[in-house]
Amino acid sequence: MKKYLIFILALVLISFPIFETKPQITFAQTSNQELITLDNVETFISRAGNNRSAYSSGEKTASAYLAQKMQENNLSYYKSSTSYIYEFSVGINKSQNVIGVQKSAKDNAKTVILGAHYDNVYNFNGETTYSNGVFDNGSGVLCLLAIMKELTKLQLPYNIIYVFYGAEETGLHGSKNFVFNLSALEIKNTIMAFNFDSIGVGDYTYYYSGDSANSYKEIFANNNYNIKEMPQNKRINLLTNFEGYAYTHIGLMSDNTAYLKKNIKCTTFFSGNLSHSGTGYIESENKNNISHTKNDNLLYITENYPNFLSSINNVANLTISTLILEDFEERIEKSNNEINLFFLNNKVVIGSIFLVGILILFALKPKSLRQKLN
Ligand SMILES: [Zn+2]
């Protein structure tokens with residue numbers, strides 16, 4: 001008996017230093033942790049501000065708050081920078097991205113890029129909307145902050161670049177500035193990018209990974225995170241191939257497009273309803289859209305969307321569980337990267353087809369249309 005005790009004691013002593021290093025994750029976690037709380041949302045809004053409009057002093061204040069969060073998580077600066085904040089110009093206006101790096105100890109480690117825009121539309125086109133941007137895009141920012149907090153506890157076999165984009169709402173400027181300045185080598189070394197934009201308000205949560213059938217999107221469906229057992233309103237649905245206007249439209253409306261244009265694998269998470277009876281994208285059936293309106297505030301959202309926080313938590317948990325899959329890098333690298341850029345790069349062609357369709361419709365003039373016109 002004594003022998004066993006000494007043996008166990010020796011084992012504990014030998015293994016003790018292991019506890020001081022960051023844990024090596026070799027399997028996907030299956031638990032759904034509450035990583036984002038109401039308290040986090042309140043803190044973000046009070047510290048980053050209600051008005052984070054592109055080019056405003058409010059946007060600058062928000063960027064300083066996010067830089068502080070990167071500092072708290074001991075992220076390194078990006079490239080040769082001496083700050084997390086990267087200013088860029090859009091015409092005469094100035095905005096800024098906030099960028100930090102979690103470096104891998106592995107030699108020649110490749111990189112994953114995780115991003116979310118932090119500006120909102122409190123002021124837009126000379127009008128004040130009073131939109132606090134809790135949904136668009138406080139949700140994405142909080143999701144990414146929670147992921148950062150968890151992943152920086154781990155030793156990972158790849159680097160992670162965390163980037164909060166400025167000036168998304170005025171034309172995806174932050175992501176364009178970041179992606180179009182990546183070197184050919186950086187692009188080659190990017191395993192994939194993730195984008196988080198407007199999660200938790202709306203009937204369903206979706207992710208979009210490009211149009212090819214045989215692509216890397218399967219990794220989200222097949223990991224250990226049990227999305228299939230979850231109630232419908234919390235599920236993260238896999239978008240199938242081209243389903244019409246709504247799908248192409250909404251799937252390509254955020255900071256993921258710059259990556260897709262550069263042929264970098266990118267998955268974007270967002271909420272809404274694409275299976276309603278009408279056409280186009282809506283957030284919810286029987287409810288007003290809240291993005292870019294004064295209803296995009298915490299009180300309205302918590303009263304009308306009880307699943308707001310759990311949806312953001314689902315996306316954070318899904319992302320983390322995917323990123324810590326033992327074969328994550330291998331599976332992504334092996335997966336098809338035929339991003340169908342046709343709809344992205346042929347707006348003129350698509351527009352022309354649409355126009356011809358309308359002209360044909362008018363030329364044929366169905367009975368109902370004729371009655372309407374007369
Ligand atoms: Zn947005």
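Using θ = phi - 60° and the Karplus curve 6.51 cos²θ - 1.76 cosθ + 1.60, what whole-Hz ³J(HN,Hα) does each residue of segment 286-297 get, with Gly and Pro shown as x?
Running phi through 6.51 cos²θ - 1.76 cosθ + 1.60 with θ = phi - 60° gives 6, 9, 6, 5, 10, 4, 6, 10, 5, 6, 7, 9 Hz.
Around ASN159, which amide H atoms from residues at least 5 apart in sequence, or from another chain, sit under 5 Å from its own amide H, with H modelled in the peptide plane?
The list, which skips near neighbours in sequence, is SER104, LYS110, THR111, VAL112.
Could you tell me which of the pairs LYS103/LYS217; LYS94/LYS261; LYS261/LYS334 are separated by over 28 angstrom between their Cα atoms in the structure shown?
Numbers: LYS103/LYS217 25 Å; LYS94/LYS261 24 Å; LYS261/LYS334 20 Å.
From LYS103/LYS217; LYS94/LYS261; LYS261/LYS334, over 28 Å: none.
Which aspartates and glutamates does LYS176 reach when only Cα atoms under 20 Å apart count, and residues fewer than 8 places away in its own chain are ignored?
Once the sequence-local aspartates and glutamates are set aside, what remains near LYS176 is GLU59, GLU87, ASP119, ASP136, GLU168, GLU186, ASP197, ASP255.
So what J values fall out for segment 174-182 if you push phi through Karplus, 6.51 cos²θ - 1.76 cosθ + 1.60 with θ = phi - 60°, rounded to Hz, Gly and Pro as x?
x, 5, 4, 4, 5, 5, 6, 9, 6
HN-Hα J couplings of segment 33-50 from phi, Karplus 6.51/-1.76/1.60, θ = phi - 60°, integer Hz, Gly and Pro as x?
For segment 33-50, the Karplus curve yields 7, 8, 8, 10, 10, 4, 4, 4, 5, 4, 5, 4, 5, 6, 8, 7, x, 6 Hz.
Over what distance in Å are the Cα centres of segment 317-334 and segment 260-280 separated?
For segment 317-334 versus segment 260-280, the Cα centre distance is 21 Å.
Using a cut-off of 15 Å between alpha-carbon atoms, which aspartates and glutamates can reach LYS149, once sequence neighbours fewer than 8 places away in the same chain are excluded?
LYS149 reaches GLU34, GLU72.
Throughout, read-outs are computed from the coordinates displayed, never taken from laboratory work. No experiment lies behind these values; they were computed from the predicted model shown.
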